[in-house]
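Some notes on the structure that comes next.
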Amino acid sequence: MNYNISRFFQFFLPKESKFLPLLRGQVADILKATDLLIEFIRVTGQEDRKRLYVEIKKIETHCDDLTNEIVDELNKTFITPFDREDIHLLAAQLDDLLDLINGSAKRVVLYQPREMPASMVQMAEHIREGALCIQTAVIELGKKRRNDNLVLSQCRRLHEIENTADDVYENFIISLFKQEKDAIELLKQVEIMQLLESATDKAYRVAEVLKTIVVKYS
Amino acid sequence: MNYNISRFFQFFLPKESKFLPLLRGQVADILKATDLLIEFIRVTGQEDRKRLYVEIKKIETHCDDLTNEIVDELNKTFITPFDREDIHLLAAQLDDLLDLINGSAKRVVLYQPREMPASMVQMAEHIREGALCIQTAVIELGKKRRNDNLVLSQCRRLHEIENTADDVYENFIISLFKQEKDAIELLKQVEIMQLLESATDKAYRVAEVLKTIVVKYS
Amino acid sequence: MNYNISRFFQFFLPKESKFLPLLRGQVADILKATDLLIEFIRVTGQEDRKRLYVEIKKIETHCDDLTNEIVDELNKTFITPFDREDIHLLAAQLDDLLDLINGSAKRVVLYQPREMPASMVQMAEHIREGALCIQTAVIELGKKRRNDNLVLSQCRRLHEIENTADDVYENFIISLFKQEKDAIELLKQVEIMQLLESATDKAYRVAEVLKTIVVKYS
């Protein structure tokens, strides 16, 4: 038998938080990186692509620092605005999301595939729409008179985006295996698309954490 | 220094649970999906295979709903029959197991490998035996006068199954790399077998959570 | 609003631990395995390589037993020297690290790549240096008058090692994709190097847990 200690204390402890500005900082980084990712995929010159990758990598490092700051704060802070483990999980998932965005771009730089199919641009646009949903939800989370339905509708939208991205991935793979006869080129494109698709999965994982927080504290 | 709050409260709080029926529902879904998976691998026509995949996918979606229900209940419920995090972890691992079963079938549909080797059927049968062990253990978990040894013996069996599946995988890979000269076909078969094998790993992860619960509440 | 129960109780509960010797045992296993891994990669005969793999596998099984012992103790023990979940996470991550070392060696035995490039030896040496950092930190963790700065400097070093290993991996992949025209051989080498590189990532995950413990209990 277990016991939800946070519910017991939430009525008489003051609310205070450095966490929400840090989480919003993570989300802002994710948005900047997704804008760059779309440009990165569309661009054709290797030099332009490398330059854009360096910018994405810088943002990823910055987000790492924010994540570490959140973890350090959690360990030092007695009272947190939500369950400690939920803040930790949210920060970790946001960090993972940016890692996947950065990792996708890095694979392109490393592998230099012969072409960047239109499905990759589509996938990056789905990631960007997901990032916008996450931003709307995280901003709402920090408001005093929070609109829970606004957060939950973003979570539903993130689920839809994940499903759509899944279809994009599946159709891409089916046609790639039919058309591409060069095994190494196929290998490169499969791995890059898998990483892009896993970013939309991760955005939905973020939605699950957001939903958990809203349900607990409604 | 930490402190096991659940042990402290378990003596004077009433037992009550919507969780066990939901967990049993997840396990029933896993069993249905493994039966279909064996048929799916054995069947030869593309149309039959697609039809069976659609059925597996439906079950996976249903299990997703059950998992969400468990998470929502955990967030709303003050008292749980076991540690909150153990129920959450068990539900999440069961969900992951069905995702891997579904994912294996999906890869077959996407990649359309030239052949389905006998090792794939063997692997699916190991997954099914694991699902049966999990069912026995989860049913026992919900009984008032629980037989801990019965649960623990299922966990040991799940460990044995994982090891056997590992051997099946290894022997398959060694002979595949010796015989298959078509890199794309090799790639397809490796990825499908990796997913099937990871389902037996995941079933053992479930066993570890079951063991944790039994040891804590013995 | 949540509440750090451990901070509240740590002032009046006695310290006592079977955990630190078990954790040190895990680390000793990791060090033994990394020594063997370097030899395993350098050696040229298939028979020698198989013999060394059997030894690595034995150590991995032993570490599994230690991990299970830690989990069992955690479930039975009322008072732990650090947060229960941090000990659990540390033990699990150490176990994962040894799994990755064992998994890398296993892939070599299964795939029998045509050659073992110098980058693989370099990577194994980075893993070994990481293991030494972890050992220094875990030994310090168990001391009554712990030098926190010594632990934190090991964590920073583990971060540097991860970054260096990343560069080794990237340079290896770029030159492999330029030079290797045999898709199956390329596939083998990419997967082996990915596993070795993920061991250095995992060593940094261990560092993050160590840092968390030190920051919480400083």
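The values are calculated or read from the model by the stated rules, or taken from the named source; none is laboratory data. Since this is a predicted model, take the numbers as computed values, not measurements. Counting neighbours? That spans all protein chains shown, and the Cβs are built from the backbone with ideal geometry, glycine included.
Quick notes
- Residue satisfying all of: in the range B:47-88; under 20 Å from the mean Cα position of the chain (by Cα) and more than 14 Å from chain A (Cβ to nearest Cβ); farthest from residue B:103 (Cα to Cα) among these: B:66
- Evaluating residue B:166 against the criteria (1) crowded, with 17+ Cβ neighbours inside 10 Å; (2) within 25 Å of residue B:35 (Cβ to Cβ) leaves one unmet condition, (1).
- When residue A:77 is tested against (1) at pLDDT below 85; (2) under 22 Å from residue A:211 (Cβ atoms); (3) surrounded by fewer than 20 Cβ atoms within 10 Å (Cβ to Cβ), just one condition goes unmet, and that condition is (2).
- Any chance residue A:155 is within 26 Å of residue A:94 (Cβ to Cβ) and either within 14 Å of chain B (Cβ to nearest Cβ) or among the acidic types (Asp, Glu) (or both): yes
- For the range B:132-149, the criterion of a residue being within 14 Å of chain A (Cβ to nearest Cβ) and assigned to a helix (DSSP H, G or I) is satisfied by no position.
- Of all the residues in the range C:173-209, those that are in a helix (DSSP H, G or I) and more than 22 Å from the chain's Cα centre (by Cα) number 13.
- Filter result for residue A:215 (of a type outside the set (S, T, N, Q) and within 13 Å of chain B (Cβ to nearest Cβ)): yes
- Residue ID - farthest from the chain's Cα centre (by Cα), chosen from residues in the range C:1-46 that are modelled with pLDDT of 95 or more and either of a type in the set (D, E, K, R) or not in a helix (DSSP H, G or I) (or both): C:43
- Filter result (in a helix (DSSP H, G or I) and under 13 Å from residue B:191 (Cβ atoms)) within the range B:110-122: B:110, B:111, B:120
- Residues that are of a type in the set (Val, Ile, Thr) and closer than 20 Å to residue A:50 by Cα were ranked within the range C:152-172; the one that is farthest from the chain's Cα centre (by Cα) is C:168.
- Extreme residue, farthest from the other protein chains (Cβ to nearest Cβ), among residues of the range B:160-212 that are in contact (Cβ under 8 Å) with a residue 40 or more places away in the chain and basic (Lys, Arg): B:202
- Any hit, the range B:58-67, residues being assigned to a helix (DSSP H, G or I), among the hydroxyl-bearing types (Ser, Thr, Tyr) and without any contact (Cβ under 8 Å) to a residue 40 or more places away in the chain: yes
- Any hit, the range B:86-101, residues being touching a residue at least 40 places away in the same chain (Cβ under 8 Å) and out of contact with any helix residue (DSSP H, G or I) (no Cβ under 7 Å at 6 or more places or on another chain): no
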